[in-house]
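**Q** Once you've had a glance at the structure underneath, I'll fire off some questions.
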Amino acid sequence: MINPQMVMYEEEFNQIQAVVDRLVRDANAKVVFIVDKNGQLIAASGDIDNVDTTSLASLTAGNIAATGGMAKLLKENEFATQFHEGEKANIHIQLVGNRVILVVIFDSRSSLGLVRLRVKKASEELNGIFESLLKKVAEPGADSPFAEITDEDIDNLFND
Amino acid sequence: MSFINYMAREINCKLVYYGPGLCGKTTNLQYIYERTNPDAKGKMISLATETERTLFFDFLPLSLGEIRGFKTRFHLYTVPGQVFYDASRKLILKGVDGVIFVADSQIERTEANLESVENLRTNLAEQGYSLDKLPYVVQYNKRDLPNVASVEELRQMINPTNVPDYEAVARTGVGVFDTLKAVAKLVLTELRKGGT
Ligand SMILES: Nc1nc2c(ncn2[C@@H]2O[C@H](COP(=O)(O)OP(=O)(O)OP(=O)(O)O)[C@@H](O)[C@H]2O)c(=O)[nH]1
Ligand SMILES: [Mg+2]
């Protein structure tokens with residue numbers, strides 16, 4: 001047995017992307033992205049050409065995992081929100097539905113108050129989308145595209 | 001936990017390098033990083049102490065190519081091997097799809113190897129995984145050193161279930177890609193079985 005897979009379909013992806021795009025505008029953010037708790041990037045928006053979202057995704061997940069570990073030791077629920085203030089960039093990290101992590105990077109054109117407000121709304125929307133996504137994944141018949149691969153397909157990956 | 005993204009047409013899997021302190025986990029990743037085309041890799045991140053011991057993890061994203069129109073991406077992580085970082089090791093194991101156990105072949109590290117495999121088994125079990133059911137390979141590293149145990153001895157101690165195992169000299173790259181390919185294959189084979 002392996003873990004239940006995380007799966008993303010086009011329909012839900014588009015919904016998530018729409019939320020993230022809107023959050024960039026509404027919160028005057030530089031970059032917004034969503035990561036799963038294992039550090040896989042799910043969606044990103046804003047000035048993403050100038051940041052390494054893959055690295056940020058993995059570090060964000062590590063960060064949430066570490067603070068989650070601290071919370072456990074203190075018999076606390078997970079710390080759902082984190083905020084780091086830098087000289088130019090600030091970063092707001094929000095755990096959504098204990099499943100995914102919503103990250104907002106912003107500068108002085110925005111404010112913590114505004115970001116908090118917009119993140120709250122976006123989190124609710126995202127929660128709904130991920131819930132229906134999970135239901136869909138749990139349905140039987142949602143076949144993996146990998147069910148049909150052959151040994152040869154796998155070998156070919158390594159032949160260069 | 002693999003992540004299949006139908007929209008981006010890609011699949012992401014998480015591999016974890018486990019093993020005692022100084023066995024060469026970070027060195028494995030460094031070699032892979034050096035020898036991979038720029039377009040197939042992302043930045044390597046090392047959260048390390050001032051003496052270059054892994055403090056939390058190393059991370060290296062790799063893409064291996066396409067299968068049936070899906071990009072296969074592997075996220076490689078190492079754990080901190082020092083005994084007292086156990087809490088961090090548990091966190092890194094979350095959502096793992098495949099494990100590489102790197103053993104230090106030196107005779108004086110026998111105890112440390114055994115302790116680390118046991119620790120791996122315990123930490124996986126705590127999260128509801130069984131080492132026997134997970135894609136898993138073993139690497140006997142530092143074969144270049146004079147004071148090493150024989151592969152037969154190591155196998156008996158560290159690999160009683162006979163999973164694929166490889167001799168390696170991570171510093172020069174011997175066996176590094178063989179090990180990686182072996183576990184990647186096992187993970188993809190597991191995916192074929194359905195995964196859920
Ligand atoms: N001789 C020899 N030295 C090696 C080999 N592989 C790694 N080393 C050396 O062993 C030392 C420790 O290697 P690391 O890769 O940092 O070990 P690690 O497993 O990441 O250690 P932690 O981060 O503490 O868990 C370094 O000095 C490496 O250069 C090898 O195959 N042969
Ligand atoms: Mg290390």
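**Q** Any chance you could count how many residues in segment A:68-122 are in contact with a Lys or Arg (Cβ under 9 Å, 6 or more places away or on another chain) and over 16 Å from A:A27 (Cα atoms)?
**A** Summing the residues that are in contact with a Lys or Arg (Cβ under 9 Å, 6 or more places away or on another chain) and over 16 Å from A:A27 (Cα atoms) in segment A:68-122 gives 9.
Here's the yes/no breakdown for (1) in a strand (DSSP E or B); (2) under 17 Å from the mean Cα position of the chain (by Cα); (3) farther than 22 Å from A:K37 by Cβ:
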position: A:T54; (1), (2), (3): no, yes, no
position: A:T60; (1), (2), (3): no, yes, no
position: A:A66; (1), (2), (3): no, yes, no
position: A:H92; (1), (2), (3): yes, yes, no
position: A:V103; (1), (2), (3): yes, yes, no
position: A:E125; (1), (2), (3): no, yes, no
position: A:I149; (1), (2), (3): no, no, yes
position: A:I154; (1), (2), (3): no, no, yes
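**Q** What strands (runs of 3 or more DSSP E) lie completely within segment B:1-70 and have 1 or more residues being at pLDDT 95 or above, buried (at least 19 other Cβ atoms within 10 Å of the Cβ) and within 12 Å of ligand 1 (Cβ to nearest atom)?
**A** Values: elements: B:3-5, B:10-18, B:45-48, B:54-67.
Answer list for segment B:1-70: B:10-18, B:54-67.
**Q** Oh, and also: Tell me whether segment B:99-113 contains one or more residues that are part of a loop (DSSP other than H, G, I, E, B) and at pLDDT below 95. Before you say what the answer is, go through the steps one by one.
**A** Residues of segment B:99-113 part of a loop (DSSP other than H, G, I, E, B): B:105.
Next, only the ones that are at pLDDT below 95 stay: none.
No, there is no match, as no residue in segment B:99-113 is part of a loop (DSSP other than H, G, I, E, B) and at pLDDT below 95.
**Q** Then there is this: Being more than 10 Å from chain B (Cβ to nearest Cβ) and closer than 30 Å to B:G65 by Cα is true for just one of A:L114, A:L133. Which residue is that? Write out each step before concluding.
**A** Details: A:L114 fails: closer than 30 Å to B:G65 by Cα.
It is A:L133.
**Q** What do you reckon, is A:L74 at pLDDT 85 or above and within 14 Å of another protein chain (Cβ to nearest Cβ)?
**A** Details: at pLDDT 85 or above: yes; within 14 Å of another protein chain (Cβ to nearest Cβ): yes.
It is true that A:L74 is at pLDDT 85 or above and within 14 Å of another protein chain (Cβ to nearest Cβ).
**Q** Check B:E190, B:E152 and return the single one that is modelled with pLDDT under 95 and outside any loop (DSSP other than H, G, I, E, B).
**A** Checking each option against the conditions leaves just B:E190.
Residue by residue, here is whether (1) among the β-branched types (V, I, T); (2) under 13 Å from the mean Cα position of the chain (by Cα) holds:
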| position | (1), (2) |
| --- | --- |
| B:V151 | yes, no |
| B:P160 | no, no |
| B:L186 | no, yes |
| B:L191 | no, no |
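**Q** Show the residue pairs that are 6+ apart or on different chains and have beta-carbon atoms under 8 Å apart, the first residue being within segment B:20-40 and away from ligand 2 (no atom under 13 Å from the Cβ), the second being of a type in the set (F, W, Y).
**A** Partner pairs satisfying both residue conditions: B:I32/B:F177; B:R35/B:F177.
**Q** Of the residues in segment A:1-18, how many are crowded, with 20+ Cβ neighbours inside 10 Å and either in contact with a Leu (Cβ under 6 Å, 6 or more places away or on another chain) or more than 19 Å from B:F3 (Cβ to Cβ) (or both)?
**A** Here the count works out to 1.
**Q** Just wondering, is there one or more residues in segment B:124-141 that are surrounded by 16 or more Cβ atoms within 10 Å (Cβ to Cβ) and over 30 Å from B:L64 (Cα atoms)?
**A** No.
**Q** Also, I was wondering about something else. Tell me which residues, restricted to segment B:14-56, are of a type in the set (D, E, K, R) and within 14 Å of chain A (Cβ to nearest Cβ).
**A** Of everything in segment B:14-56, those that are of a type in the set (D, E, K, R) and within 14 Å of chain A (Cβ to nearest Cβ) turn out to be B:K14, B:R35, B:D39, B:K41, B:K43.
**Q** Write out, first by first residue and then by second, each pair whose Cβ atoms fall under 7 Å of each other, whose residues are 6+ apart or on separate chains, and whose first residue, in segment A:7-36, is within 13 Å of chain B (Cβ to nearest Cβ) and farther than 15 Å from A:T53 by Cα while the second is of a type in the set (F, W, Y) and assigned to a loop (DSSP other than H, G, I, E, B).
**A** So the pair list comes out as A:M8/B:Y6; A:Y9/B:Y6; A:E10/B:Y6.
**Q** Looking only at segment B:71-92, count every residue that is of a type outside the set (D, E, K, R) and part of a strand (DSSP E or B) and tell me the total. Before the answer, list the steps.
**A** Going residue by residue through segment B:71-92, those that are of a type outside the set (D, E, K, R) are B:72, B:74-85, B:87-88, B:91-92.
After this cut, where a residue has to be part of a strand (DSSP E or B) as well, the list is B:72, B:74-78.
The total comes to 6.
**Q** OK, next. Any idea which residue in segment B:95-117 is surrounded by the most Cβ atoms within 10 Å (Cβ to Cβ), counting only those that are within 15 Å of ligand 1 (Cβ to nearest atom) and not hydrophobic (A, V, I, L, M, F, W, C)?
**A** In this case the residue turns out to be B:S105.
**Q** I would also like to ask the following. Out of segment B:96-121, which residues are within 12 Å of chain A (Cβ to nearest Cβ) and touching a Ser or Thr at 6+ places or on another chain (Cβ under 9 Å)?
**A** B:D97
**Q** Now for a different question. Regarding segment B:75-94, can at least one residue be identified that is closer than 16 Å to B:L180 by Cα, away from ligand 1 (no atom under 16 Å from the Cβ) and either surrounded by 21 or more Cβ atoms within 10 Å (Cβ to Cβ) or within 13 Å of chain A (Cβ to nearest Cβ) (or both)?
**A** Checked against the condition, which is being closer than 16 Å to B:L180 by Cα, away from ligand 1 (no atom under 16 Å from the Cβ) and either surrounded by 21 or more Cβ atoms within 10 Å (Cβ to Cβ) or within 13 Å of chain A (Cβ to nearest Cβ) (or both), segment B:75-94 yields at least one hit.
**Q** Let me ask something additional. Would you check which residues across segment B:48-86 are free of Cβ contacts under 8 Å to residues at least 12 places away in the same chain and within 16 Å of ligand 2 (Cβ to nearest atom) and list them?
**A** B:T49, B:E50, B:T51, B:F84
The values are calculated or read from the model by the stated rules, or taken from the named source; none is laboratory data. Owing to the predicted nature of the structure, the values given are computational and were not obtained by experimental measurement. Ideal geometry is used to build each Cβ from the backbone, glycine not excepted, and the neighbour counts take in all protein chains shown.
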